[in-house]
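Just so you know, all these numbers are worked out from the coordinates, no wet-lab data involved. Treat the numbers as computed from the prediction; the structure is a model and nothing was measured. Glycine gets a Cβ as well: all are built from the backbone with ideal geometry, and neighbour counts include every protein chain shown.
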Amino acid sequence: MTVLDLADKRSTKIKQPLLEVDSLKTYYPIRSGLFSKSKSYIKAVDDVSLSLYEGETIGLVGESGCGKSTIGRSIIRLEDSFSGRILFQNEDITHYSQRQLKPVRTRMQMIFQDPYASLNPKMRIYDALAEPLIIHKLVNPSEVEREVDHLLHLVGLSRTARDRYPHEFSGGQRQRIGIARAISFKPKLIVCDEPVSALDVSIQAQILNLLQDLQDELKLTYLFIAHGIGAVKQISTKVAVMYVGKIVEIAPTDQLFRKPKHPYTQLLLNAYPQPDPTLRSKKKLLIQGDVPSPANPPQGCRFHTRCPYVQERCRREEPDISKDQHAVACHFPLA
């Protein structure tokens, strides 16, 4: 084998994803009584597959109740999946016990939506940040205090914050503390579960900028869950659009915002307000009707009950998502 052959072999080597979700299903049983046997399910996540590469940010967007947060909680293993596989760093963690998950949890963390509920109100900030460092033996006991100060500095808080309690901080400051706790593990992956939705708009921008700065500095990978299109557009390298438990479109951010292929994505973008008040508003199609129940999703394409371009085939057959870089699950994608 020549030197040129070796170079070609290296260049064609396939990069392994940091996280791979394969045909994931997370169902919740519907029970009519205490001793009844469940025969039906709420299909919160229904056959979802995605790959997330190191240094990437996938934004997961959709209406409330579409299953976004359930995907995040299933990946972190806060929820047990019904079927499918979760591979993290090429390690199948789908059925790991809590004991097996303990070393994995230092490599994957979560930032929660409610910055107050995620903190113990009786615990000082120093103790909240020092606890994981001590339990998981991430630093030597003599270095815990210095590491806590370093974490506070990374998220833009002063050293004096460590002796205060959660109720003494604003919502934005509490979310910074939640971020500090997540990065204390030095994780590879962070699932951000609507981390800015409970904050004022001006504070949202600060937190998004902080997350981007930390990603560059600490080489982090994000699954960023949100229902706000603007936040997803700012932070994501790729965007996945969910509807009633399924991903209906996934593409690089600029492609998806410039030329959406799924009608649902187009309608979501139409509903997003233009930040420039001088632009003339054009009459656009908006989403009509109610979201179907995940306990009884429509036959065929799940969006056909609200789609302005619906055809007979949409009512009969469920579309498979394509394998392209700009993937879409639609029988008649938009040109």
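When the Kirkwood radius is taken over all Cα pairs of segment 207-335, what Stokes-Einstein diffusion coefficient follows at 10 °C and 1.306 mPa s, in µm²/s?
Here the translational diffusion coefficient equals 98 µm²/s.
Would you compute, for the Cα atoms of segment 282-335, the largest minus smallest coordinate along each principal axis and list the three values in descending order, in whole Å?
So the three principal-axis extents are 36, 30, 20 Å.
Of Pro141, Val155, Ala130, which is farthest on the positive side of the dipole of segment 127-182, counting Cα position, with +1 on Lys and Arg Cβ, -1 on Asp and Glu Cβ, and the Cα centre as origin?
After comparing all options, I get Val155.
Which residue, Lys25, Lys68, Lys219, tops the fluctuation ranking in a GNM of the chain built on C-alpha contacts under 10 Å?
Taking springs between Cα atoms under 10 Å, the residue moving most is Lys219.
Just the C-alpha atoms of segment 132-193: what Rg/Rh do they give, with Rh taken as the Kirkwood radius?
Rounded to two decimals, Rg/Rh equals 0.96.
In Å and from the alpha-carbon atoms only, list the Rg and Dmax of the chain.
Rg, Dmax (Cα atoms, Å): 21.8, 71.
Running a GNM on the chain with Cα contacts under 10 Å, which residue among Asp324, Asp193, Asp22 ends up with the highest mean-square fluctuation?
Fluctuation is largest for Asp324.
Considering the chain as a Gaussian network with a 10 Å cut-off on Cα pairs, which listed residue, Met242, Met108, Met123, attains the greatest mean-square fluctuation?
Maximum among the listed residues: Met123.
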